[in-house]
Each structure stands twice: as C-alpha cells, then as structure tokens.
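Just below is one structure, and these are the notes that go with it.
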Amino acid sequence: MLTLSHYNSSASPLLPHYLLNSNDSEGKVEARVAVEGLSQQGNFTYEGPSAGAIIVVILPMTLGIVSNIVALFILANAYCLQRRRSKATFLLFATSLVVTDFIGHVIPGALVLRLYLHGGVRPEDFNTPDGMCQFLGGSMVFFGLCPRFLCCAMAAERCLGVTRPLLHSSLVTKTRTKICLSVIWLAALCVAMLPCFHLGSYAYQDPGTWCFIKVLSDTEEVDVAFVVMFSGLGLTSLAVALVCNTISGLTLVLARLRRKPGSHRSAKSHDIEMVVQLVGIMVTSCICWSPLLIFGLMSVFRSYMGSIGDDLSNYKTLMVMGVRLATWNQILDPWVYILLRRTVLRKIYLIVKCQVGMRTGVLGRWEPSSFPSSDKKDVNHM
C-alpha cells in the first residue's frame, strides 16, 4: 500500500550571495543561467499513480477483505453449531480476532489508499501531523496491539484447558470471556490514545502515505517511552503465546505417547485442532510483526541518541518494509482458520493417502514377483 509519491515543488532557487550582488555583465549572465537551471530542477510536476501501481495496491486489500469475510462466516457457523464449552470459548476468541483483523485491514488501508491516490504528504510536513495522521497512527497502534493481545489470551486459555481441564471448566465462562475481550480492546485503545495526552506523538512516515509513532526525527524522551511500550507489549505478547502454545503442544504429545493401546483417547481431536491453529496464528504473527517492532526500537534509539546520521535512508527503508510485512498478517490470519480445520486436514490426508496408495499400486505391478520368469515359461513350453 505504500509507494513513493511525487509532488509539485515551486521553491525559489537559492543563489550564491556573490551572484545576486554582482554588477558586471558576466555575473548577470551566470546568475541568469543559475536561475534557469535551478528552476528546471525545482519545478516538479505531479505524477499520479499508474494503473498498474493502483492494481498492486488494491489487490492485497481486496484479498484481505475476502479472506476475513470467509473466515468470519466459517467461525460464526461453527460457533452456532458448537456444543462444547471449551470449543465455544475458543471460537468466540477467534471470531473476535477475525473481526478485529477485518476492521484493522479496512480502516487503515482505506486511509493509506486515500493518501496514496492524492500523492502523499510533502517531506517538510512530516513532523506537522493533522487529524488524519493522528487517527491513522492511532489505528495502526490499536490494530497492531489488539490482535497480539487476543493471540496471547487465546494461547493462555488453551494452555489452561489442556493442562488443567477441571480448573478451566470452573473459571472460563462466556461472560468472563466477553469481559476479557472488552479489557483487551480497552487496553489497546488506551495505549493508542496516549499521544492525546502528550505522551508520545504520531508523524507521517516516508514516503508520506502512512503515519506511525515518531521514530526517525525530532524524537524526544516521551517518543522513546511510547515506542518501548508499544514494541515491548507486542513482543511480550508474542513470547507469552509462544510459551503457552509450547506447553499445550508438549502436553498433547505426551498424552498421546502415554496412551495405552485400546484405551480411550486422552488427547481429544478438537484440542489438537485448536492448538494447531494457535501455532499457525503465532508463527504468522511472529513473522509479520516482529520486524516492525524491532525496527521501531532500533530507529527511535538511534534517532534519540543522534547517531542515525547517514543511515537515515536505510532506517526509512526498514520501517517501510516492516509495515508492509505487518499488513500481511491481517491477510494470512484468516487462512489459518480456513485451512487448519479438521475437515480440511482430513481431506488433505485422504488425498495424500490415495496418491501414495496409487503410487504403491503402480510400483507393485512392476515388482519382479508379479511376473512369471521367462525361463520358467520356456521350460514349461518344452
């Protein structure tokens, strides 16, 4: 969604002092040549985005909207038909995550697309954000933290359900789950609104088509604290989800290995399905969001210490790459629910099994034992 934009520039040429004050004809000629050359360099004409570039911008946005709608339909249908309370709680969390991803994909994406189509913001206006920048920056922080908090809560809930099922059944209810969701959304909203209380600030980021926390120029102590809070909360949530999913997975594997032949299954299939989906969500979140969280920390510390220097362009590139990768998390998350379901995995397993069986059958036809020996035929014939 982020593409470099060109804008109109009519800045007056900056002439050397001796040229402006020269009285001889030679100086006037040099001044005229300098004015014409700098005028040609300073008059940039706006180049609107090409049709191909617009398609490249709109296609991922459309894919994300369609994917989230399909996943939301699947989860809502599964939630209505679910009778197990543990599974219903997980589906309520998952549905809330997909809804958050959908809104977080549409609202910031529409604002970025609007800025992109209008050519972006001039570099000299990056540090003077307007109302749109404040809203866009707050949206990116809110929709960046909220899914990480939801993933962490889902992983903790499943870890409790797998390791302590009796405690889980007594503690986790639909009412408490809804209260937890409200607390998560409220916490993310409070962090996003900190700049309203002058605890941090948002600014336009290169190439002027998106807004985020001020990390590259004119950073102050409150900006550093804001970035540390944002990145720290995001990375901590990913770490907690990693630990909880690891414990859940190991518990299910050990239960599977300790199961005696002929005994009732100790590791239920729906528990395995939920843990597999959580692992997919965690891996997707780590890949998509870790670069932006880490690049933000690196950039703000280098900028605050004044040591960014000639590396400014490199850090701008890293931030753009990080936010582009983060937008794919809202596109890939729904496919975790679409693909990592028992029905889909069972069909994939049957297809693979049939393919392997067909190959085995074909190879069996060509085994030497399947054909009578030519020598034996000759002897029988004699």
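The values are calculated or read from the model by the stated rules, or taken from the named source; none is laboratory data. Keep in mind that this is a model prediction, so the values were computed, not measured. Ideal geometry is used to build each Cβ from the backbone, glycine not excepted, and the neighbour counts take in all protein chains shown. The area values use the complete protein model at the heavy-atom level, side chains included, leaving out ligands, DNA and RNA. Shrake-Rupley method; radii C 1.70, N 1.55, O 1.52, S 1.80 Å.
Below is a table of values for the structure above.
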quantity	calculated
Taking N as its residue count, the alpha carbon Rg of region 241-345 over 2.2 N^0.38 Å	1.57
Distance histogram for region 68-118 (every C-alpha pair counted, 5 angstrom bins, percent rounded to whole numbers)	4, 21, 22, 16, 11, 9, 7, 5, 3, 1, 0
Assigned charges on the beta-carbon of Lys, Arg, Asp, Glu; region 74-218 dipole about Cα centre (debye)	1180
Modelled label reach - A239, point 7 Å along Cα→Cβ, region 292-307 residues with backbone N closer than 17 Å	292-298
In range of the label at T163: residues from region 233-247 whose backbone nitrogen is under 16 Å from the point 7 Å along Cα→Cβ	239-247
Linear extension gain, L117 paired with V183, 0.36 nm per residue minus alpha-carbon span	20.1 nm
Nearest-0.05 FRET efficiency for R324 and F301, computed from C-beta distance (R0 30 Å)	0.85
Inter-label distance for E221 and A255, nm, one decimal - labels placed 7 Å from Cα along Cα-to-Cβ	5.1
Three semi-axes of the equivalent ellipsoid, region 118-197, Cα gyration tensor, whole Å, largest first	39, 12, 8
Mean-position separation - Cα centroids, region 304-342 and region 66-139, in angstrom	16
Rg and Dmax [Cα atoms of region 180-259; Å; Rg one decimal, Dmax integer]	18.8, 61
Inter-part distance where region 216-262 and region 158-174 are each reduced to a Cα centre, Å	19
Where Rh is the Kirkwood radius over Cα pairs, Rg/Rh for region 161-308	1.13
Chain lengthening between I287 and C190 when straightened (0.36 nm per residue, less Cα-Cα)	32.3 nm
Nearest-10 value in Å² for the accessible area of E157, using the 1.4 Å probe	20
Cα shape, region 282-331, gyration tensor, a/c 1.5 rule	prolate
